[in-house]
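See structure below.
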Amino acid sequence: MDAPPRGPSGVHRAEARSRLVPAHPAAEPAALLAASAGLDPARPAHRRAPRLPGRPLGVPRGASRAPLDGVDPVNPILPAVSIVIPTRDRREALQRTLDALARQTVPAEAMEVIVVADACTDDTTTWLRAYRPPYRFCRVELPHRGAAAARNAGAAAAAGEILLFLDDDVEPAPGLVAAHLRSHEGSADVVAIGPCLPFLPGRQDFWRVLLRRWWFDRFTAMAEPGHRFTYQDVLTGNLSLRRTLFTQVGGFDAAFGPDASHEDWELGIRLLKAGARPVYVADAVAWHHDRTDLDRSYRRSRQDGKGDVLIGLLHPELRPALPLAARSPAPWPVENAVQALAFRAPAAGDALARLARRTLDLLEWLRLRRAWRKLNGTTRRYWYWRGVADAVGGLDELEQFLANGSLARDAEPMLDIDLSAGIDGAERRLDVERPAALRVWCGDVLLGHVPPAPGAERLRGRHLRPLLARYLATPLLNARAIEALAAGSRAPMDEPAETKGGDAIDDPLLVASVDLSRGVHDLEVPPGYGAARVLIRARGRPLGWLTIPTPSDRRITAADLRRATSGRFGPGAWMAVLRDGNGAEVDAAPRDEACPPISVVVCTRDRTELLAGCLRTLLELDYPAYEVIVVDNASSDDGTARLAGELGVRYVREDVPGLDRARNRGIQAARYEIVAFTDDDTRVDRAWLRHIAATFADPEIMAVTGYVAPLALDTAAQRLFELEYGGMSHGTQPRTYRRSEMRNAQLLWASGMGCGANMAFRKPVFDAVGGFDVALDVGTPAGGGGDIEMLHRVVVSGHAVAYQPDALVWHRHRPTLRALRRQLFDNGRSFGAYLITCFRTGTVPRHAILRFAVQDWFARWILGRLVRPGRFPRMLVVVEAAGAVLGPLFYLAAQWGARRRSAPEPMAEPDAPAGHAGAERGAASQPAASV
């Protein structure tokens, strides 16, 4: 790319702006902004007065407009929403978007669509003239003015009260328009932002993986409870607001022409200054068919640099917070060199940037991801500085530009709040006062400050708890601990309860659970237990475990638990003190009306006593609509059928032994789209299904796994399995597994995604990838592995699997050493059989499977523990290794047995009607059935 002519040195701020705004009055883009919003074009955009009420919006000067199709010109019925779509030379993407709008759930007469063709050079304009959709439709044609002017032109032609802006490469889901309309009910200041989930087909190279992650991270952050919106969250690819609010702030600033971006961010600054209330509308889902490649992204980085300069010109208080004033993550010599090339030797810098672009292809071919990321970041930073240089001129001008800005921290008064009277009262005060910064007290103790955030919305009550967690978690936790001691704790402050450095396996451990959001109370330890193993939770989410020795009086006080929690988790335990006044649990689980019905499948064989305990916890779940299906896998008596009849759950039978055959039978019997599985030796948490449903709210997720905690640690075998072998849990942080983001070794370690004791699937995924592999059945020579093979198959098929630790079940581990030896032998042979299945089906390259089997699994996992077993008995490692060595033989035997037995029926819908008992658990009221 050739370097454009550079301006003279010593340019002032007005001259810098003139590079981005045409000088001729007739071509001034600000005039288009004024025409579209009904404002005085001679005044700055952020100081213009709104149009008088009732004056109609006009079509911008220089634009041509086609009449609305399907509208009676004599008695028009105004639509509820006007959808504005700017476009330029992307006819196929635009057609996909317009066709998707025809499938919306709102009536066609309730919406109009306005397409603004910004000097299209392809066949877009011709195609639009012949397009006849079922909804109101018009087109506006402009000379090349850029996205900001195009959106203003569409808003000027709109008749609806709600303006919904979509990009032409955004494909709306059927409920998108309805979700936007709901978000504006009863409110005039809402700015509704919907998610644009990236759809990036084709080869998932380093750039696509990075781009996908960037998009998901943006919308994940906005979805967090209490998120404080900034101007950078205002993304106009899927955004709606009332037309009166849009007119009040002056619309988009058309000074952001075709060669500058961030016009949506600048609009966001003015909206937040006007007191607008951004909200994230998770139901307004759209798919973003982003065709941005590396070269386009570098051109966009140059436009970003120009756009940030314009933002700094219009809003000087934000200059120190802009990326051009921020410190780069690159070492300062690299950043200085990049900046010097962009400002002083752009021709040489452009040549080096083109060379770096070719080098990136080589690094990707060599699979050097870390080096690729560093070089990509440096190249992107160079093009950003090129855009800044285009706008301001030289480094001296940049320094002067930054010196004239101020964060104005002292200009914003701080509001003093006292948390000793309760956080609820402080939240209500924030909703009234709406400060920009806080000074936080707890009685007479100053905890600290919440500083102002330039470009962010003013503080509301819902922001308080996350801000306390971010800035003041540790001092607040310490202040509350001091309060607890002053209230009568028996333990002195200098003698805290200590957590053992190593988990004891010699003495029985009492397993307990403490949810900090529900209050911390004394814990009584029964005789015979040497310590308590306590799962610390906050609003249902596991934070981790504490092992606390049993005191002489066999009572672990609440103060001991608080101090141990503070020492172990620190700021991560902020939920301990950020609970509401009555201690009620508040979480992200969906409301009853948003809960989809779920089928819960429990497979069992001759374990009626264990099954009874599992079913009783299932029937006590806090969930409005679900059914429980017991699959009797060839039990030797009728005890399972009688128990199912007594408890009122559904009963089906699979006469061929095998856990995966039983799971497949349960899928056939399931009436609902989501099918959850647990084992008969588990106890489920009351909110288990709520957290599964909340995770499935993301349409990308096709399977969910959860946390598996030990139900008891009474025997040496249970403690060895949980504390030394690793147990069945998979950490306390939510994760999402996608093939595009995983290496081959990570794909093959499917046991790290979850296990069969706690997993759920969307039923259509079984139609896409097939049922559980019956050759990997528990009870067959393979010894198991069907659950992890299914999770592996779902991910390699291109679907996403989410691990959600909030969805918790308690599992009864094998109580005897003999049973533990059998379990570890089965683990070795089943994992080997699973790897052979992957090799046979070719889900990942076969050479990668061989390398993983030899290097990662056998050498590092098995032989590594043989050499250094730690506290885990070496003989148990030998047992697992024996199972691994004999795995191929067992796999052949399992395949032979699977072929001899009758194959399960295909995945089909059950014949029974899908009736349900509404707000009750539903399944318990269904009569027992036998299949």
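The values are calculated or read from the model by the stated rules, or taken from the named source; none is laboratory data. The model shown is predicted, which means the values in this text are computed figures rather than measured ones. Cβ placement follows ideal geometry from the backbone for every residue including glycine, while neighbour counts extend to all protein chains displayed. Just so you know, the surface numbers come from the protein's heavy atoms only, side chains and all, with ligands and any DNA or RNA stripped out. Shrake-Rupley method; radii C 1.70, N 1.55, O 1.52, S 1.80 Å.
For the condition in contact with a strand residue (DSSP E or B) (Cβ under 7 Å, 6 or more places away or on another chain), among the aliphatic types (A, V, I, L, M), over 28 Å from Glu700 (Cα atoms) and not in a helix (DSSP H, G or I), what is the one hit in Ala192, Ala155, Ala188?
Ala188
Which of the numbered conditions does Arg642 fail, given that it passes all the others? Conditions: (1) over 22 Å from Arg812 (Cα atoms); (2) buried (at least 19 other Cβ atoms within 10 Å of the Cβ).
If we test Arg642 against (1) over 22 Å from Arg812 (Cα atoms); (2) buried (at least 19 other Cβ atoms within 10 Å of the Cβ), just (2) comes out false.
Looking at Arg96, is it assigned to a helix (DSSP H, G or I) and in contact with a strand residue (DSSP E or B) (Cβ under 6 Å, 6 or more places away or on another chain)?
Taking the combined requirement at face value, the residue satisfies it.
For residues that are touching a Leu at 6+ places or on another chain (Cβ under 8 Å) and surrounded by 14 or more Cβ atoms within 10 Å (Cβ to Cβ), scanning just the stretch 345-358, find the one that is nearest to Trp214 (Cα to Cα).
Out of the qualifying residues, it is Arg357.
Would it be correct to say that Leu211 is closer than 13 Å to Tyr280 by Cα and either surrounded by 18 or more Cβ atoms within 10 Å (Cβ to Cβ) or not β-branched (Val, Ile, Thr) (or both)?
For Leu211, the condition - closer than 13 Å to Tyr280 by Cα and either surrounded by 18 or more Cβ atoms within 10 Å (Cβ to Cβ) or not β-branched (Val, Ile, Thr) (or both) - is not met.
From the list Thr843, Thr837, pick out the single residue that is in contact (Cβ under 8 Å) with a residue 60 or more places away in the chain, of a type in the set (Val, Ile, Thr), on the phi < 0 side of the Ramachandran plot and not in a helix (DSSP H, G or I).
Thr843
Name the residues in the stretch 360-373 that are open to solvent by 50 Å² or more (accessible area, probe 1.4 Å) and of a type outside the set (A, V, I, L, M), would you?
Asp361, Trp365, Arg367, Arg369, Arg370, Arg373
Could you go through the stretch 111-119 and let me know if any residue there is among the acidic types (Asp, Glu) and in a loop (DSSP other than H, G, I, E, B).
no
If you take the residues of the stretch 299-344 that are modelled with pLDDT of 85 or more, among the basic types (Lys, Arg) and open to solvent by 50 Å² or more (accessible area, probe 1.4 Å), which of them is farthest from Leu271 (Cα to Cα)?
Arg344
Among what's in the stretch 620-655 and is in a helix (DSSP H, G or I) and touching a residue at least 12 places away in the same chain (Cβ under 8 Å), pick the residue that is farthest from Ala676 (Cα to Cα).
Checked the stretch 620-655; the qualifying residue farthest from Ala676 (Cα to Cα) is Gly639.
Going through Pro133, Pro195, Pro201, Pro174 one at a time, which residue ends up being at pLDDT 90 or above and out of contact with any helix residue (DSSP H, G or I) (no Cβ under 7 Å at 6 or more places or on another chain)?
Pro174
Hey, any hits in the stretch 709-721 for a residue that's open to solvent by less than 30 Å² (accessible area, probe 1.4 Å), charged (D, E, K, R) and outside the structural domain of Ala286 (by the TED database)?
Looking for residues that are open to solvent by less than 30 Å² (accessible area, probe 1.4 Å), charged (D, E, K, R) and outside the structural domain of Ala286 (by the TED database), one finds at least one in the stretch 709-721, hence yes.
Table: residues versus (1) under 19 Å from Ile674 (Cα atoms); (2) within 35 Å of the chain's Cα centre (by Cα); (3) surrounded by fewer than 23 Cβ atoms within 10 Å (Cβ to Cβ); (4) not assigned by the TED database to the domain that holds Met728.
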| residue | (1), (2), (3), (4) |
| --- | --- |
| Asp787 | yes, yes, no, no |
| Ser797 | yes, yes, yes, no |
| Ala807 | yes, yes, no, no |
| Ala833 | no, yes, no, yes |
| Leu866 | no, no, yes, yes |
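Give me the pairs: first residue in the stretch 746-770 and farther than 19 Å from Leu689 by Cβ, second residue open to solvent by 10 Å² or more (accessible area, probe 1.4 Å) and of a type in the set (Gly, Ala, Ser), beta-carbon distance under 7 Å, and six or more apart or on different chains, which are they?
Sorted first by the residue in the stretch 746-770, then by its partner, the pairs are Ala768/Ser797; Val769/Ser797.
Sort through Arg735, Arg743, Arg686 and tell me the only one that's surrounded by fewer than 18 Cβ atoms within 10 Å (Cβ to Cβ) and free of Cβ contacts under 8 Å to residues at least 40 places away in the same chain.
After applying the criteria, what remains is Arg743.
Can you name every residue in the stretch 97-117 that is open to solvent by 10 Å² or more (accessible area, probe 1.4 Å) and over 12 Å from Val81 (Cα atoms)?
Across the stretch 97-117, the qualifying residues are Asp99, Ala102, Arg103, Gln104, Thr105.
Which of the residues that make up the stretch 645-660 are open to solvent by 10 Å² or more (accessible area, probe 1.4 Å) and over 15 Å from Leu615 (Cα atoms)?
Correct list: Arg653, Glu654, Asp655, Val656, Pro657, Leu659.
With respect to Gly160, determine if the residue is small (Gly, Ala, Ser), within 26 Å of Thr244 (Cα to Cα) and surrounded by fewer than 24 Cβ atoms within 10 Å (Cβ to Cβ).
Judged against the criteria, Gly160 is a match.
Return the total of residues in the stretch 809-831 being assigned to a helix (DSSP H, G or I), in contact with an Asp or Glu (Cβ under 7 Å, 6 or more places away or on another chain) and open to solvent by less than 10 Å² (accessible area, probe 1.4 Å).
Total satisfying the criteria: 2.
If you scan the stretch 239-255, which residues turn out to be modelled with pLDDT of 90 or more, open to solvent by less than 30 Å² (accessible area, probe 1.4 Å) and farther than 30 Å from Ala469 by Cα?
Ser240, Leu241, Leu245, Phe246, Thr247, Val249, Gly250, Gly251, Phe252, Asp253
Which residue pairs have Cβ atoms closer than 6 Å, lie 6 or more positions apart in sequence or on different chains, and pair a first residue in the stretch 656-683 that is outside the structural domain of Trp810 (by the TED database) and at pLDDT below 95 with a second residue that is open to solvent by 10 Å² or more (accessible area, probe 1.4 Å) and in a helix (DSSP H, G or I)?
none
Give me a count of the residues in the stretch 787-821 that are of a type in the set (S, T, N, Q) and either under 27 Å from Gly771 (Cβ atoms) or touching a Lys or Arg at 6+ places or on another chain (Cβ under 6 Å) (or both).
2
For the stretch 856-879, name all the residues that are of a type outside the set (A, V, I, L, M), at pLDDT 85 or above and assigned to a helix (DSSP H, G or I).
Arg874
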